[in-house]
Amino acid sequence: MKIKYLGHAAFEIKTEEKTFLIDPFLKNNPKAAAKPEDFEKVDFIFVTHAHADHLGDAVEIAKRTKAKIVAIYDLAEWISSNYNVETVGMNYGRTEMEGIEVIMVPAWHSSSFQGKAIGNAAGFIIGVEGKRIYHAGDTCVFSDMKLFAELYPINIALLPIGGHFVMDVEQALKALELVKPEIAIPMHYNTWPIITANAQEFKEKAEKLGVKAVLLEPGEEINV
Ligand code: NI
Ligand code: MN
């Protein structure tokens, strides 16, 4: 499969059969590598929480492509009651959808839209083509990351490193010790000055922990 970084916390995952987006925040994202109208065929859009830099353009893309938006139950209900799109509301736990394994895990963070609290923040572990990808969402480090990685071994971890709202480099390195992925891709940094981070430092220190860190510029992808 191909994992493409679209900037901030947004990713596109393309398998043989399916295309997924995670947190497609594009239009107001100064570092976005795509526009909402660039996507024609999308099966699922995973949204980790309601903040505008994650919900982003999910509704617009879902309307056009008929993708289903996967989010925590309360956020999914809010989306489907306000917009004419299909949603899959779930909660912290494991399920399967169209042959894809989806595990929603907690993220220590808030979740609101235009000042209104909606649901709780989450991360996703997505199992497809024999690999598991962990998108941590917006979160600080927490020890249950280890528990989930024991239950569901992680191949690729997408981890925030920008600090202030989420993990910084030091916390993300601790997360690597807990999650032990083969590959780590940092995200949620350098979009704005307040979340400036030294990704090179993350890469070098991750490698000392035996984790291959891949720094993707928005628009770049890896084959895994
Ligand atoms: Ni957030
Ligand atoms: Mn965020």
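Data for the structure
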quantity: Index of the failed condition, Asn84 passing every other in (1) under 30 Å from Glu37 (Cβ atoms); (2) open to solvent by 10 Å² or more (accessible area, probe 1.4 Å); (3) not in a loop (DSSP other than H, G, I, E, B); calculated: (3)
quantity: Cβ pairs under 6 Å, 6+ apart, first in segment 146-174 and on the phi < 0 side of the Ramachandran plot and away from ligand 2 (no atom under 14 Å from the Cβ), second open to solvent by 80 Å² or more (accessible area, probe 1.4 Å) and in a loop (DSSP other than H, G, I, E, B); calculated: Asn155/Glu182
quantity: Any hit, segment 62-77, residues being open to solvent by 10 Å² or more (accessible area, probe 1.4 Å), in a helix (DSSP H, G or I) and aliphatic (A, V, I, L, M); calculated: no
quantity: Top-ranked residue of segment 11-51 - restricted to ones that are open to solvent by 10 Å² or more (accessible area, probe 1.4 Å) and under 14 Å from Gly137 (Cβ atoms), ranked as nearest to ligand 2 (Cβ to nearest atom); calculated: His51
quantity: Subset of segment 109-138 [open to solvent by less than 40 Å² (accessible area, probe 1.4 Å), under 20 Å from Gly162 (Cβ atoms), not charged (D, E, K, R) and not in a strand (DSSP E or B)]; calculated: Ser111, Ala121, Ala136, Gly137
quantity: Neighbours by Cβ (under 8 Å, 6+ apart or cross-chain): first from segment 33-56, under 26 Å from Asn91 (Cα atoms) and modelled with pLDDT of 95 or more; second more than 14 Å from ligand 2 (Cβ to nearest atom) and of a type in the set (Ser, Thr, Tyr); calculated: Lys41/Thr19; Lys41/Thr65; Val42/Thr19; Val42/Thr65; Asp43/Thr19
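The values are calculated or read from the model by the stated rules, or taken from the named source; none is laboratory data. Note that the structure is a prediction, hence the values are computed from the model and not measured. Note: ideal-geometry Cβ built from the backbone for every residue, glycine included; neighbour counts use all protein chains shown. SASA here: full protein model, heavy atoms, side chains in, ligands and nucleic acids out. Shrake-Rupley method; radii C 1.70, N 1.55, O 1.52, S 1.80 Å.
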